[in-house]
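Asks: I'd like to ask some things about the structure below.
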Amino acid sequence: MKPYRIPLERLRAAVIPTMPPGVEPTDAEVVARFAAGAWTVLPEPGDGAVGVARELIGDVRALELLVEGAGASTWADELGDAEAARAVSAGVERWRPRLEAERILSAFTQGAAFGQLLLTRADASWPTAIDDLGPHAPAGLWVRGDPATLARCARSAALVGSRASSGYGELVTGQLAAGLVDRGFAVVSGGAYGIDGTAHRAAMAAGGTTVAVLAGGLDRFYPAGHDELLQRVAATGCVIAEAPSGVPPTRWRFLARNRLIAALASATVVVEAGSRSGSINTAGHAAALGRPLGAVPGPVTSGASTGCHRLLRDYGAAVIERAEHIVELVDGPGEEQPPIGGLSSDELRVLDALSARAARDVDELAVRTGMARGDVVASLSLLELGARAVERAGGWVKAAR
C-alpha cells in the first residue's frame, strides 16, 4: 500500500510521533493526518481555495487528486461546483511547486524532533472557534506544549499591541492580563516584543493560562530574544502555528497569523498601537468575525496610541480601562452601575436646586430644575430617604452632611 505514492511504513514512521495522546494510530488515521499536515505545507496560510477543496471533498481526496496530477475537468467533477473548481484550478498552480514527498515528510520528522504535535479538526483539543474562519481556517495546527490548553481559550482575550511599547502600555497590559487570569480567562497573544511579551509574562506570573500564536514554524521560536519566554509558555500552556517546521516568519505570514489570534480568542483588545501597527490588522479580523473588540485609550499626545484612538473613534471599539471591561465584552454587561455619586440625573438636578438655608417648595424647585412637578416630588422623596434632603415648614432644604 502506497498512499500518495509513499510507502505506508514511511507515513507511519513520520506521522505517529506527532499524534496527540489517545489517538489510535490506525492506517486510515495516519493517512488522514498526513493529508492534514500536507495542507499546512503546500499552500500559504489562509489560502481560501484549498479550504474550499478540503471542505467539499476532504483533505485526503484533495491531496490524492493533487498527487495524481488531476486536470481541471477532474477537479470540477469531484468538486461539483463550477465556481469552486475555478478557484481550486488556480490554487493547484500555487501548490504544485511545493508538492514533494520529502518536503511533507520533513514537516513531520522535524516537528517530532522539536516535540510538536499536529492537531486536526478530528481531535478533541481542536479549538472549534478557529472554524469560524471558514475556508481560510488551517487544516491543522502544530503545537508545542499541552494541546488541552486550547480548550481554555473558549473563555479568553487576546491582548495585542505595538512591539515598541511604552511604560504606560506595558503597565496597563500587565494589569489587564493579571485581572483576566483572576477572572478565569486565558490570555492569547503573538509572542512578539512589547505588548505581546508583557501579556504572556503577566499571565504566567499570575498563575494563568497563556497561548502564543506564531507566524513561522515552531522549530525556531521567533523572535529569538523571546526563546526563553516562549519555552516557558510551552511548558505552562502552549505555543501554536499553522506553519510547519522550517518555514520562516514573513510580513505576509504575520498578517495571516493575526486572523488565528482573532478567531481563537473570545475578544480582542488592542492595548497600545500606532496607526500602522499590525495589531490593527488583528482588530480588523476580530471585527470581521463578529468578535468583541476593545481598545485602551492613551495620551492624545502619544503616537503610540493613535491606532487605538482610531479604533475607538471610527470602528466602534469599546473603551477598555480594566479587566472587568473585557469580561463585559465577552459576557455582556453585569449589574447596572449606580449613577455617579449614587444619584440619578433627576436627583442631582433637584439636589443642586436646593439651598442649605432657605427652604424651597416644590413649585419653585420645578421652575429651577425645569422638571415636572411630579418628578420633583419623586426625587425629593428619594433624596430624603438618602438623608440628602430635609422637609421643613416652608419647603425643602439640603440636609447637613
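The values are calculated or read from the model by the stated rules, or taken from the named source; none is laboratory data. Owing to the predicted nature of the structure, the values given are computational and were not obtained by experimental measurement. Glycine also receives a Cβ, built like all others from the backbone with ideal geometry; neighbour counts cover every protein chain displayed.
Asks: Going by what's in this entry, would residue 11 be described as farther than 17 Å from residue 118 by Cβ and either surrounded by 17 or more Cβ atoms within 10 Å (Cβ to Cβ) or touching a residue at least 24 places away in the same chain (Cβ under 8 Å) (or both)?
Replies: Values: farther than 17 Å from residue 118 by Cβ: no; either surrounded by 17 or more Cβ atoms within 10 Å (Cβ to Cβ) or touching a residue at least 24 places away in the same chain (Cβ under 8 Å) (or both): yes.
Here the answer is no, as residue 11 does not meet what is asked.
Asks: Is it the case, given these coordinates, that residue 387 is surrounded by fewer than 13 Cβ atoms within 10 Å (Cβ to Cβ) and among the aliphatic types (A, V, I, L, M)?
Replies: Details: surrounded by fewer than 13 Cβ atoms within 10 Å (Cβ to Cβ): yes; among the aliphatic types (A, V, I, L, M): yes.
So residue 387 fits the description; yes.
Asks: Run residue 356 past the list (1) in contact with a Lys or Arg (Cβ under 7 Å, 6 or more places away or on another chain); (2) at pLDDT 90 or above and report the number of the one that doesn't hold.
Replies: (2)
Asks: Is one or more of the residues making up the stretch 230-243 part of a loop (DSSP other than H, G, I, E, B), farther than 26 Å from residue 274 by Cβ and of a type in the set (Ser, Thr, Tyr)? I'd like the intermediate steps shown before the answer.
Replies: Of all residues in the stretch 230-243, those part of a loop (DSSP other than H, G, I, E, B) come to 237, 242-243.
Filter once more, keeping what is farther than 26 Å from residue 274 by Cβ: 237, 242-243.
Those left that are additionally of a type in the set (Ser, Thr, Tyr): none.
No, the stretch 230-243 contains no residue that is part of a loop (DSSP other than H, G, I, E, B), farther than 26 Å from residue 274 by Cβ and of a type in the set (Ser, Thr, Tyr).
Asks: Additional query: Test residue 193 against the stated conditions and say whether it is touching a Lys or Arg at 6+ places or on another chain (Cβ under 8 Å) and aromatic (Phe, Trp, Tyr). If you could, list the steps in order and put the result at the bottom.
Replies: On the way: touching a Lys or Arg at 6+ places or on another chain (Cβ under 8 Å): yes; aromatic (Phe, Trp, Tyr): yes.
It is true that residue 193 is touching a Lys or Arg at 6+ places or on another chain (Cβ under 8 Å) and aromatic (Phe, Trp, Tyr).
Asks: Let me ask something additional. Looking at residue 358, is it over 30 Å from residue 399 (Cβ atoms) and either in contact (Cβ under 8 Å) with a residue 24 or more places away in the chain or part of a loop (DSSP other than H, G, I, E, B) (or both)? Please lay out each step first, then the result.
Replies: On the way: over 30 Å from residue 399 (Cβ atoms): no; either in contact (Cβ under 8 Å) with a residue 24 or more places away in the chain or part of a loop (DSSP other than H, G, I, E, B) (or both): yes.
Answer is no for this residue.
Asks: Turning to a different aspect of this structure: Yes or no: residue 151 touching a helix residue (DSSP H, G or I) at 6+ places or on another chain (Cβ under 9 Å), farther than 19 Å from residue 285 by Cα and surrounded by fewer than 22 Cβ atoms within 10 Å (Cβ to Cβ)?
Replies: Working: touching a helix residue (DSSP H, G or I) at 6+ places or on another chain (Cβ under 9 Å): no; farther than 19 Å from residue 285 by Cα: yes; surrounded by fewer than 22 Cβ atoms within 10 Å (Cβ to Cβ): yes.
Against the criterion (touching a helix residue (DSSP H, G or I) at 6+ places or on another chain (Cβ under 9 Å), farther than 19 Å from residue 285 by Cα and surrounded by fewer than 22 Cβ atoms within 10 Å (Cβ to Cβ)), residue 151 does not qualify.
Asks: Another question about this same structure. Quick one: which residue in 75, 95 is of a type outside the set (Lys, Arg), within 28 Å of residue 147 (Cβ to Cβ), in the same structural domain as residue 19 (by TED's automatic domain parsing) and touching a residue at least 12 places away in the same chain (Cβ under 8 Å)? Break it down stepwise before answering.
Replies: Values: 75 fails: within 28 Å of residue 147 (Cβ to Cβ).
Residue meeting the stated conditions: 95.
Asks: Okay, next question. State the number of residues belonging to the stretch 20-50 that are under 16 Å from residue 147 (Cβ atoms) and touching an Asp or Glu at 6+ places or on another chain (Cβ under 8 Å).
Replies: Matching residues across the stretch 20-50 total 4.
Asks: In the stretch 7-46, which residue that is part of a helix (DSSP H, G or I) and acidic (Asp, Glu) is nearest to the chain's Cα centre (by Cα)?
Replies: Filtering the stretch 7-46 down to residues part of a helix (DSSP H, G or I) leaves 8-18, 27-41.
Among the residues that remain, those that are also acidic (Asp, Glu) are: 9, 27, 29.
On the way: 9: 39, 27: 35, 29: 30 Å.
Once the filter is applied, the top-ranked residue is 29.
Asks: Quick one: residue 300 ticks every box in (1) more than 27 Å from residue 155 (Cα to Cα); (2) among the aliphatic types (A, V, I, L, M); (3) in contact with a helix residue (DSSP H, G or I) (Cβ under 7 Å, 6 or more places away or on another chain) bar one, so which box is it?
Replies: (3)
Asks: Can you say whether residue 250 is modelled with pLDDT under 95 and either over 15 Å from the mean Cα position of the chain (by Cα) or not assigned by TED's automatic domain parsing to the domain that holds residue 298 (or both), as far as the supplied structure shows?
Replies: Numbers: modelled with pLDDT under 95: yes; either over 15 Å from the mean Cα position of the chain (by Cα) or not assigned by TED's automatic domain parsing to the domain that holds residue 298 (or both): yes.
Against the criterion (modelled with pLDDT under 95 and either over 15 Å from the mean Cα position of the chain (by Cα) or not assigned by TED's automatic domain parsing to the domain that holds residue 298 (or both)), residue 250 qualifies.
Asks: While we're here: Can you find, within the stretch 390-401, the residue that is surrounded by the most Cβ atoms within 10 Å (Cβ to Cβ) among those that are at pLDDT 85 or above and more than 52 Å from the chain's Cα centre (by Cα)? Working first, answer last.
Replies: The initial filter retains those residues of the stretch 390-401 that are at pLDDT 85 or above, namely 390-392, 395-399.
Next, only the ones that are more than 52 Å from the chain's Cα centre (by Cα) stay: 390-392, 395-397.
Working: 390: 14, 391: 13, 392: 11, 395: 17, 396: 23, 397: 17.
Across the stretch 390-401, the extreme among qualifying residues is 396.
Asks: Only one residue in 206, 224, 235 is surrounded by fewer than 24 Cβ atoms within 10 Å (Cβ to Cβ), touching a residue at least 40 places away in the same chain (Cβ under 8 Å) and assigned by TED's automatic domain parsing to the domain that holds residue 256. Which one? Lay out the reasoning, then the answer.
Replies: Numbers: 206 fails: touching a residue at least 40 places away in the same chain (Cβ under 8 Å); 224 fails: touching a residue at least 40 places away in the same chain (Cβ under 8 Å).
Only one candidate passes the filter, namely 235.
Asks: If residue 221 satisfies every condition in (1) part of a helix (DSSP H, G or I); (2) over 17 Å from the mean Cα position of the chain (by Cα) but one, which is the exception?
Replies: (1)
Asks: Would you tally the residues in the stretch 345-384 being basic (Lys, Arg) and loosely packed, with under 13 Cβ neighbours inside 10 Å?
Replies: Pass one, the stretch 345-384, residues basic (Lys, Arg): 349, 357, 360, 368, 373.
Going one step further and asking which of them are loosely packed, with under 13 Cβ neighbours inside 10 Å, we end up with 357, 373.
Qualifying residue count for the region: 2.
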